[in-house]
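Peer 1: Before we start, here is the structure in question, set down as structure tokens.
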Amino acid sequence: MRSIHINASTEYDVLIGEGLVDKCGELTKKVVKPCRCMIVSDDTVDELYGDRAQISFSYAGFETHRFAFPAGEASKTFSTLTDLLNAMGGAGLSRSDLVVALGGGVTGDMAGFAAAIYTRGIRFVQVPTTLLAAVDSSVGGKTAVDMPFGKNMAGAFHQPSLVVTDTDVLKDLSAEQLSNGAAEAIKCGVLNDPALFALLETGDWQDEIEAVVERCVTYKRDVVARDEFDTGERAFLNLGHTFGHAIEVCSKLTLLHGQAVGIGMLMAAACAGCPEAMLRRLSSCLKKNGLPTRCPYGAAELAKAALSDKKRAGGSITLVLPEAIGKCVLKKVPVADLPACFERAIAVTEAMDL
Ligand code: GLY
């Protein structure tokens, strides 16, 4: 089992290894005294792993309760959050009790936000069951729900007390879900880790999934330690997300987050004027990992969707622009320039047939 220590306002470990779903209660007991816990999952994950997680927590001495909601980003709303908070109240959870987020990014974000606001904040543990959650969203304490006017528009910073990633669970993911998470791992490679990118661009890294998760979490650990509350360097983790969020919005959530972020990274690189060789390398890496590369939406439509992006500060928006594999820069651009950025990115990717 690998262990990575996160040095944030709440310090905690990220544990990565085989068979950990059956040990998540026992591992949690080392950092949280047995108490009442609400295990939160979507209905798919609840059916696959809910019993095993519950048995593990019960065996470790926790009083267990379960809450399941319909799978999908469309559930990440205040309405589901209210149902969850009511279930926590109904189960009698107090300030000293615990939420367990067993699932992907939607579950982690929403269960984490419930933990952040229930009786002004209780502890929570992340048990990510998707690659995307394992390499990105389960670490760093960002919690949120979507609002009608934008993704993740209501939320809080609330660090978990522990993250337990079972790599056996990740190995059982569908090809689509692996691709979805691979996009965030490719993001880490483009931002900071040429060796990780080189591994991912082979498309043949699944046997090394533990190392992939470890490298991504280690990078995120360093960024979060320096900028937990996203006032500076953490903005780099938004590579591909300004373009990607706009694509997700235009797709009415029919594209998965990773698929949209993958296209978004390529658009950011095209917009930044990256050399053709690098654009081709990035495009090939996305394709090798089963990710789309072409944006099916027009520049005006994307720009409108991007304006609801919470990274917009006043009249400007901060873009993360790749310069090379392993090196990106932040660039503040006036909101008025966004349509031109999208147009340029679309024109370049089309002209090069990326
Ligand atoms: N997922 C981006 C961040 O945690 O800041």
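The values are calculated or read from the model by the stated rules, or taken from the named source; none is laboratory data. Worth saying up front: this structure is predicted, and the values here are computed from it rather than measured. Cβ: placed from backbone, ideal geometry, glycine included. Neighbour counts: every protein chain shown. Surface accessibility is based on the protein's heavy atoms, side chains included, excluding ligands, DNA and RNA. Shrake-Rupley method; radii C 1.70, N 1.55, O 1.52, S 1.80 Å.
Peer 1: Those residues that are surrounded by fewer than 24 Cβ atoms within 10 Å (Cβ to Cβ), on the phi > 0 side of the Ramachandran plot and in contact with a helix residue (DSSP H, G or I) (Cβ under 8 Å, 6 or more places away or on another chain), I need them from region 235-270; list them, please.
Peer 2: Once the filter is applied, which keeps residues that are surrounded by fewer than 24 Cβ atoms within 10 Å (Cβ to Cβ), on the phi > 0 side of the Ramachandran plot and in contact with a helix residue (DSSP H, G or I) (Cβ under 8 Å, 6 or more places away or on another chain), region 235-270 yields only LEU253.
Peer 1: Going through region 4-18 one residue at a time, which ones are open to solvent by less than 20 Å² (accessible area, probe 1.4 Å) and either assigned to a strand (DSSP E or B) or closer than 12 Å to VAL127 by Cα (or both)?
Peer 2: Result: ILE4, ILE6, TYR12, VAL14, LEU15, ILE16, GLY17.
Peer 1: Another question about this same structure. Considering only residues of region 159-180 that are charged (D, E, K, R) and surrounded by fewer than 24 Cβ atoms within 10 Å (Cβ to Cβ), which is nearest to the ligand (Cβ to nearest atom)?
Peer 2: The qualifying residue nearest to the ligand (Cβ to nearest atom) is GLU176.
Peer 1: Hey, another quick one. Going residue by residue through region 151-158, is there one that turns out to be open to solvent by less than 10 Å² (accessible area, probe 1.4 Å), in a loop (DSSP other than H, G, I, E, B) and within 16 Å of the ligand (Cβ to nearest atom)?
Peer 2: No, region 151-158 contains no residue that is open to solvent by less than 10 Å² (accessible area, probe 1.4 Å), in a loop (DSSP other than H, G, I, E, B) and within 16 Å of the ligand (Cβ to nearest atom).
Peer 1: Any idea which of GLU228, GLU214 is farther than 25 Å from ALA74 by Cβ, assigned to a helix (DSSP H, G or I) and out of contact with any helix residue (DSSP H, G or I) (no Cβ under 6 Å at 6 or more places or on another chain)?
Peer 2: GLU214
Peer 1: Can you tell me which of (1) over 28 Å from VAL169 (Cα atoms); (2) in a helix (DSSP H, G or I) is the one TYR219 doesn't meet?
Peer 2: Every condition holds for TYR219 apart from (1).
Peer 1: I need the full set of residues from region 96-123 which are on the phi > 0 side of the Ramachandran plot and not basic (Lys, Arg), in order please.
Peer 2: Passing the criteria: GLY103, THR119, GLY121.
Peer 1: Name the pairs: first residue in region 130-142 and small (Gly, Ala, Ser), second residue near the ligand (Cβ under 8 Å from one of its atoms), Cβ to Cβ under 7 Å, at least 6 apart or on different chains?
Peer 2: If the second residue must be near the ligand (Cβ under 8 Å from one of its atoms), the pairs left are GLY140/LYS220; GLY140/VAL224.
Peer 1: Taking region 136-150 on its own, how many of its residues are in a strand (DSSP E or B) and of a type in the set (Ser, Thr, Tyr)?
Peer 2: 1
Peer 1: Out of the residues in region 121-150 that are of a type in the set (S, T, N, Q) and within 15 Å of the ligand (Cβ to nearest atom), which is farthest from TYR12 (Cα to Cα)? Walk me through how you get there before you give the answer.
Peer 2: Taking region 121-150 first, the residues of a type in the set (S, T, N, Q) are 126, 129-130, 137-138, 143.
Checking the rest, the ones that are also within 15 Å of the ligand (Cβ to nearest atom) come to 126, 130, 137-138, 143.
Details: GLN126: 11, THR130: 20, SER137: 15, SER138: 12, THR143: 16 Å.
The selected residue is THR130.
Peer 1: Follow-up question, since we're still on this one. Please tell me if GLY315 is open to solvent by 50 Å² or more (accessible area, probe 1.4 Å) and under 27 Å from PHE229 (Cα atoms).
Peer 2: yes
Peer 1: Would you confirm whether or not region 82-95 contains a residue that is within 16 Å of the ligand (Cβ to nearest atom) and either modelled with pLDDT under 95 or of a type outside the set (Gly, Ala, Ser) (or both)?
Peer 2: Step one: filter region 82-95 for residues within 16 Å of the ligand (Cβ to nearest atom), giving none.
The answer is no, given that none of the residues of region 82-95 is within 16 Å of the ligand (Cβ to nearest atom) and either modelled with pLDDT under 95 or of a type outside the set (Gly, Ala, Ser) (or both).
Peer 1: Hey, another quick one. Does ALA198 count as outside any strand (DSSP E or B), of a type outside the set (Lys, Arg) and buried (at least 24 other Cβ atoms within 10 Å of the Cβ)? Spell out how you get there, then give the answer.
Peer 2: Numbers: outside any strand (DSSP E or B): yes; of a type outside the set (Lys, Arg): yes; buried (at least 24 other Cβ atoms within 10 Å of the Cβ): no.
No; evaluated as a whole, the condition is false for this residue.
Peer 1: Can you tell me which residues in region 159-190 are in a helix (DSSP H, G or I) and hydrophobic (A, V, I, L, M, F, W, C)? So that I can check it myself, show each step before the final result.
Peer 2: We begin by selecting, within region 159-190, every residue in a helix (DSSP H, G or I); these are 167-171, 175-190.
Across region 159-190, the qualifying residues are VAL169, LEU170, ALA175, LEU178, ALA182, ALA183, ALA185, ILE186, CYS188, VAL190.
Peer 1: Pick out the one residue from ALA183, ALA235, ALA225 that is within 14 Å of the ligand (Cβ to nearest atom), of a type outside the set (Val, Ile, Thr) and within 17 Å of ALA133 (Cβ to Cβ).
Peer 2: ALA183
Peer 1: Sticking with this structure for a sec: Does region 58-67 hold any residues that are of a type in the set (A, V, I, L, M, F, W, C) and surrounded by 20 or more Cβ atoms within 10 Å (Cβ to Cβ), and which are they?
Peer 2: Result: PHE62, PHE67.
Peer 1: Consider LEU282 carefully, then state whether it is touching a residue at least 60 places away in the same chain (Cβ under 8 Å) and crowded, with 21+ Cβ neighbours inside 10 Å. Steps first, please.
Peer 2: Working: touching a residue at least 60 places away in the same chain (Cβ under 8 Å): yes; crowded, with 21+ Cβ neighbours inside 10 Å: yes.
Taking the combined requirement at face value, the residue satisfies it.
Residues checked against (1) of a type outside the set (Gly, Ala, Ser); (2) surrounded by 15 or more Cβ atoms within 10 Å (Cβ to Cβ); (3) at negative phi:
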| position | (1), (2), (3) |
| --- | --- |
| LYS29 | yes, yes, yes |
| ILE39 | yes, yes, yes |
| SER56 | no, yes, yes |
| PRO70 | yes, no, yes |
| LYS76 | yes, yes, yes |
| SER79 | no, no, yes |
| LEU84 | yes, yes, yes |
| GLY90 | no, no, yes |
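Peer 1: Just checking, how many residues over region 132-188 are charged (D, E, K, R) and farther than 28 Å from LYS287 by Cα? Before the answer, list the steps.
Peer 2: Taking region 132-188 first, the residues charged (D, E, K, R) are 136, 142, 146, 151, 166, 168, 171-172, 176, 184, 187.
Retained after the next criterion (residues that are farther than 28 Å from LYS287 by Cα): 142, 146.
So the answer is 2.
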